[in-house]
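Q: What follows is a structure written as structure tokens; I'll ask about it next.
The values are calculated or read from the model by the stated rules, or taken from the named source; none is laboratory data. Values in this document were obtained by computation on a predicted structure and should not be read as measured data. We place every Cβ from the backbone using ideal geometry, glycine too, and count neighbours over all the protein chains shown. Protein only, heavy atoms only, side chains kept; ligands, DNA and RNA dropped before computing areas. Shrake-Rupley method; radii C 1.70, N 1.55, O 1.52, S 1.80 Å.
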Amino acid sequence: MKKVLIANRGEIAVRIIRACHELKLKTVAIFAKEDDLSVHRFKADEAYLVGAGKRPIEAYLDMDDIIRIAKQTGADAIHPGYGFLSENEAFAAKCQQAGITFIGPTAEQLAIFGDKIRAKEAALAAGLHTIPGSDGPVKSVAEVREFGQRHGFPVMVKAALGGGGRGMRIIRNAQEVAENFERARSEAQQSFGDDELYVEKYLENPKHIEVQILADQHGNVIHLFERDCSVQRRHQKVIEFAPSIVLSESRRQEICNAAVRLMKSVHYQNAGTVEFLVTAEDYYFIEVNPRVQVEHTVTEMITNVDIVQSQILIASGKNLHKDLKIPEQNQIFFHGCAIQCRVTTEDPENNFMPDTGKIETYRSPGGYGVRLDGGNAYTGSIITPYFDSLLVKACVSSRTFEGAVMKMNRVLNEFIIRGVKTNIPFMQNVLNHPVFKAGEAHTTFIDKTPELFV
Ligand code: ADP
């Protein structure tokens, strides 16, 4: 592997370009017309317009044009980042047909985990606990009602191809089934082009715990411990940290080993995350994200393993232990605690509507134990309405969770961002809330805590 095309934009494109350059690989960026001033294109060795004439997001989804650029520039690998084409099995297959390495799992593995019903079947087959639910899709209101009556409400209907917290709805009683079923179905059709739904019990107050996996092409599968991503707004993550501060050591081992077992059972390759919902009683598999995640940073900070470099090296056939020099599982340890806040250009006073315009002033924090991953975060940057509103990921690490919370407070205070609204004041409210500080935040914490919004 000599040259990598990064099929993404923003902070993750910059993150990947940096990893490539550290590995002495050349980089090719692609950009939509609306992104012609985007930082990622200037960080790469070469950059090309993609999807000419298409709308902004569609440009980055233009598989044939991306492969054309890869071929013309002599790129021998493509890193898809997260979102966009990262979980698209057709794209992985097209890369393979073109003789280009797709930096990620195989098309078949993407197919399994892209369909949450198939993923749940794989998890069950590997002996993981799953949330009681329909075995397979539900086709009618009557089926969902019957499931609720048999297992008890509340239940949740979820899009089989869902992602990003969309296409899922809570149903609290039999009367609510019809409306929510139809809504979830139309949302699924609109967002994912497929209206297949399944139903499972709704867990009232779980924690979202996920396990980072690395797997090479030689059958070595390791975990890099867990992240707690319970602080969510509308089922989307806002603040993440590693490790969990409430899991017992034996529970941690059990969950991490279960994740490894599942990934081994499908002969997984590359980086992936196995997600669980954890209650006081048990832990339940929910899905696998077969790609790098936004919050991979906090795992890097506590384990010192560069996950993006690892992805690239794994895809070029290297061995986790012999080549990457990552120790055997029982010799991998984590140190301290890391927290990530997703700084977005969203206005907390206006229902988190994305804000746009020119950043008049941008001053970033720094100092010991601080890491910033940004895309277009600088004075003079124009924030457009076309893409997601993530501006910069602020990460800190410290010896303890308390220390990391204190540092993150300082870091958020040190930001000066004028010209666009951000969610910084909101995240400060979360960080200073006694429930968060006690490590007691569950997935419904934000939605159930109105004082965070003042
Ligand atoms: P997506 O792929 O859209 O991110 P997930 O299946 O990962 O969807 O779920 C996202 C979040 O939705 C979870 O972290 C959790 O907060 C909530 N969730 C999903 N399934 C359930 C469930 N059965 N009970 C309670 N909450 C759930």
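Q: Name every residue in segment 207-223 that is under 18 Å from the mean Cα position of the chain (by Cα) and more than 17 Å from Pro243 (Cβ to Cβ), in order of residue number.
A: Of everything in segment 207-223, just one residue is under 18 Å from the mean Cα position of the chain (by Cα) and more than 17 Å from Pro243 (Cβ to Cβ), namely Ala215.
Q: Any residue in segment 374-381 that is closer than 25 Å to Ser248 by Cα, modelled with pLDDT of 95 or more and surrounded by 21 or more Cβ atoms within 10 Å (Cβ to Cβ)?
A: No, that holds for no residue.
Q: Restricting attention to segment 18-59, and to residues there that are buried (at least 21 other Cβ atoms within 10 Å of the Cβ) and either free of Cβ contacts under 8 Å to residues at least 12 places away in the same chain or among the hydroxyl-bearing types (Ser, Thr, Tyr) (or both), which single residue is farthest from Glu300 (Cα to Cα)?
A: Ser38
Q: On to the next question. It is to be established whether one or more residues within segment 333-353 are assigned to a loop (DSSP other than H, G, I, E, B), of a type in the set (Ser, Thr, Tyr) and open to solvent by less than 40 Å² (accessible area, probe 1.4 Å).
A: Yes, there is a match, as at least one residue in segment 333-353 is assigned to a loop (DSSP other than H, G, I, E, B), of a type in the set (Ser, Thr, Tyr) and open to solvent by less than 40 Å² (accessible area, probe 1.4 Å).
Q: With respect to the numbered conditions (1) within 20 Å of the chain's Cα centre (by Cα); (2) part of a loop (DSSP other than H, G, I, E, B), which one is the sole condition not fulfilled by Asp373?
A: (2)
Q: Would you point out the residue of segment 154-177, among those that are of a type in the set (D, E, K, R) and within 8 Å of the ligand (Cβ to nearest atom), that is nearest to Lys201 (Cα to Cα)?
A: Once the filter is applied, the top-ranked residue is Lys158.
Q: Identify, from the list Val292, Val298, the residue that is of a type in the set (Val, Ile, Thr), in a loop (DSSP other than H, G, I, E, B) and away from the ligand (no atom under 13 Å from the Cβ).
A: Step by step, each of Val292, Val298 is checked, and only Val292 is of a type in the set (Val, Ile, Thr), in a loop (DSSP other than H, G, I, E, B) and away from the ligand (no atom under 13 Å from the Cβ).
Q: Which one of these is open to solvent by 10 Å² or more (accessible area, probe 1.4 Å) and over 20 Å from Gly163 (Cα atoms): Arg9, Arg15?
A: Arg15
Q: If we scan segment 252-275, do we find a residue that is within 13 Å of the ligand (Cβ to nearest atom), among the hydrophobic types (A, V, I, L, M, F, W, C) and either within 19 Å of Glu87 (Cα to Cα) or modelled with pLDDT of 95 or more (or both)?
A: The answer is yes; a qualifying residue exists.
Q: Please return the ranges of strands (runs of 3 or more DSSP E) entirely within segment 205-247 where 3 or more residues are more than 13 Å from the ligand (Cβ to nearest atom), open to solvent by 20 Å² or more (accessible area, probe 1.4 Å) and within 19 Å of Lys448 (Cβ to Cβ).
A: Filter on segment 205-247 gives an empty set.
Q: When Thr449 is evaluated against the numbered criteria (1) free of Cβ contacts under 8 Å to residues at least 24 places away in the same chain; (2) open to solvent by 40 Å² or more (accessible area, probe 1.4 Å), which criterion, by number, is the only one it fails?
A: (2)
Q: Would you check if there is a residue in segment 311-320 being open to solvent by less than 50 Å² (accessible area, probe 1.4 Å) and charged (D, E, K, R)?
A: Within segment 311-320, not a single residue is open to solvent by less than 50 Å² (accessible area, probe 1.4 Å) and charged (D, E, K, R).
Q: Sticking with this structure for a sec: Which one is nearest to the ligand (Cβ to nearest atom) among residues in segment 183-204 that are open to solvent by 30 Å² or more (accessible area, probe 1.4 Å) and in contact with a helix residue (DSSP H, G or I) (Cβ under 9 Å, 6 or more places away or on another chain)?
A: Ranking the qualifying residues of segment 183-204, first place goes to Lys201.
Q: Output the number of residues of segment 154-185 satisfying the condition of being under 24 Å from the mean Cα position of the chain (by Cα) and in a helix (DSSP H, G or I).
A: 2
Q: Is it true that some residue in segment 365-377 is in contact (Cβ under 8 Å) with a residue 12 or more places away in the chain and under 18 Å from Pro243 (Cβ atoms)?
A: Checking segment 365-377: at least one residue is in contact (Cβ under 8 Å) with a residue 12 or more places away in the chain and under 18 Å from Pro243 (Cβ atoms).
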